[in-house]
Amino acid sequence: MAILVHQATRVLVQGITGREGRARARLMREYGTQVVAGCTPGRGGETVDGTPVYDTVVEAVEASGGIDASVVFVPAPLVKDAALEAIAAGVALTVLVGDRVPVWDVMEIARAAERSGTDFLGPNTLGVLSVGKGVLGMIGGRAESARSWFRPGAVGVASRSGGMTSSTGYYLCRAGIGLTTLVHVGGDGIVGLPLPAVVRRFQADPDTRCIAIFGEIGGSQEERVAEMMANGELSKPVVAFIGGRAATPGVRFSHAGAIVEGGRGTHAGKVAALRAAGAVVVDAFDELPAAVVKVLEA
């Protein structure tokens, strides 16, 4: 199996008529994802590379016979309205690729998703890729790259860094380790599916035997994963690397959500919490593949 996207996932691309929407819809289709519709207000009736475009999400849902996931490629000021439209239409998963989305907008999206019982990934995410099954967003950049970089197997990858989501998967596969799904949770302080939510899905996936995490300073996502391990909610082995070792309190490290404030979210604290819970935490990123191999062999 895999998580979040499968061969049968029916996908809508909001903003498909824009440059990014058009290019990434092509990546998704060429990788095998079922992109069944696009949506751009005022462009209904057009097609993009054979995909029909509708003015509203509701029209796309009704005309296509159902949508499982929507990937949103619109400018940051428009993300909230696009996400709320998808949520109101009953789309189970909305992927918010855009960055610099106002935090108050994300909070409103989160409230709407909670009320409706739906999920959203991001914002500021490259998306999710289930190896050989489908991709939502832009992991891999091109379908050819995604097919050559990632091989199927038993390790789930989750990261707060987009580039390191791909890099973690790439180097694991170069070491002979296959993957189930790669998930970039997003680099902002508030995201729809943080690391704990993603590893919970890996825990439920029968094909995922081990979870590889690229974490970083700031926030409490990694500590919450450690709590899940400590209380028995997460029993599958976790191998992690935490970036930001050299950062000092008050210094942002790469992402909006990667900032140490008031002694919370430190590198040392995250490493200690994960190790105390039983995770394998490596000191250097290039040690991650060998650590995963050792865990799988055990």
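The values are calculated or read from the model by the stated rules, or taken from the named source; none is laboratory data. Because the structure is a prediction, the values reported are computed rather than measured. Here the Cβ positions follow ideal geometry from the backbone for every residue, glycine too, while neighbour counts run over all protein chains shown.
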When you scan the stretch 159-168, do you find a residue that is part of a helix (DSSP H, G or I), over 20 Å from ALA290 (Cβ atoms), out of contact with any Ser or Thr (no Cβ under 9 Å at 6 or more places or on another chain) and not assigned by TED's automatic domain parsing to the domain that holds LEU96, even just one?
yes
Output yes when any residue across the stretch 121-134 is over 17 Å from PRO194 (Cα atoms) and in the same structural domain as VAL58 (by TED's automatic domain parsing), and no when none is.
no
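So that you can scan it fast, the table gives a plain yes or no per residue for (1) of a type in the set (A, V, I, L, M); (2) in contact with a Cys (Cβ under 6 Å, 6 or more places away or on another chain); (3) surrounded by fewer than 22 Cβ atoms within 10 Å (Cβ to Cβ):
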| residue | (1), (2), (3) |
| --- | --- |
| GLN14 | no, yes, no |
| ALA23 | yes, no, yes |
| ARG29 | no, no, yes |
| VAL35 | yes, no, no |
| GLY38 | no, no, no |
| GLY44 | no, no, yes |
| ILE67 | yes, no, no |
State yes or no: is PHE150 buried (at least 18 other Cβ atoms within 10 Å of the Cβ), in contact with a Gly (Cβ under 7 Å, 6 or more places away or on another chain), free of Cβ contacts under 8 Å to residues at least 40 places away in the same chain and not charged (D, E, K, R)?
yes
Restrict the check to the stretch 104-125 and report whether at least one residue is part of a loop (DSSP other than H, G, I, E, B), of a type in the set (Gly, Ala, Ser) and more than 25 Å from GLN221 (Cα to Cα).
no
Restrict the check to the stretch 224-240 and report whether at least one residue is at pLDDT below 95, within 29 Å of MET107 (Cα to Cα) and either among the acidic types (Asp, Glu) or in contact with a Leu (Cβ under 8 Å, 6 or more places away or on another chain) (or both).
no
The lone condition ILE177 fails out of (1) surrounded by fewer than 24 Cβ atoms within 10 Å (Cβ to Cβ); (2) farther than 21 Å from ASP205 by Cβ is (2)
Breaking point among (1) in contact with a Pro (Cβ under 7 Å, 6 or more places away or on another chain); (2) modelled with pLDDT under 95, for VAL79:
(2)
Do any residues in the stretch 286-297 that are assigned by TED's automatic domain parsing to the domain that holds ALA212 have Cβ atoms under 6 Å from those of residues that are assigned to a helix (DSSP H, G or I), where the two are at least six apart or on different chains, and which pairs are they?
PRO289/TYR171; PRO289/LEU172
Filter result (within 20 Å of ARG22 (Cα to Cα) and more than 15 Å from the chain's Cα centre (by Cα)) within the stretch 104-145:
ARG142, ALA143, GLU144, SER145
So which of VAL191, VAL271 ends up being in contact with a strand residue (DSSP E or B) (Cβ under 7 Å, 6 or more places away or on another chain), of a type in the set (Val, Ile, Thr) and at pLDDT 95 or above?
VAL271
Out of LEU172, LEU182, LEU129, sole residue that is surrounded by 17 or more Cβ atoms within 10 Å (Cβ to Cβ) and assigned to a helix (DSSP H, G or I):
LEU172
From the residues in the stretch 206-236 that are surrounded by fewer than 20 Cβ atoms within 10 Å (Cβ to Cβ) and touching a strand residue (DSSP E or B) at 6+ places or on another chain (Cβ under 8 Å), which one is nearest to GLU297 (Cα to Cα)?
ARG209
Being of a type outside the set (Ser, Thr, Tyr) and under 15 Å from PRO194 (Cα atoms) is the filter here; which residues of the stretch 150-184 pass it?
GLY156, VAL157, ALA158, ARG160, GLY162, LEU182, VAL183, HIS184
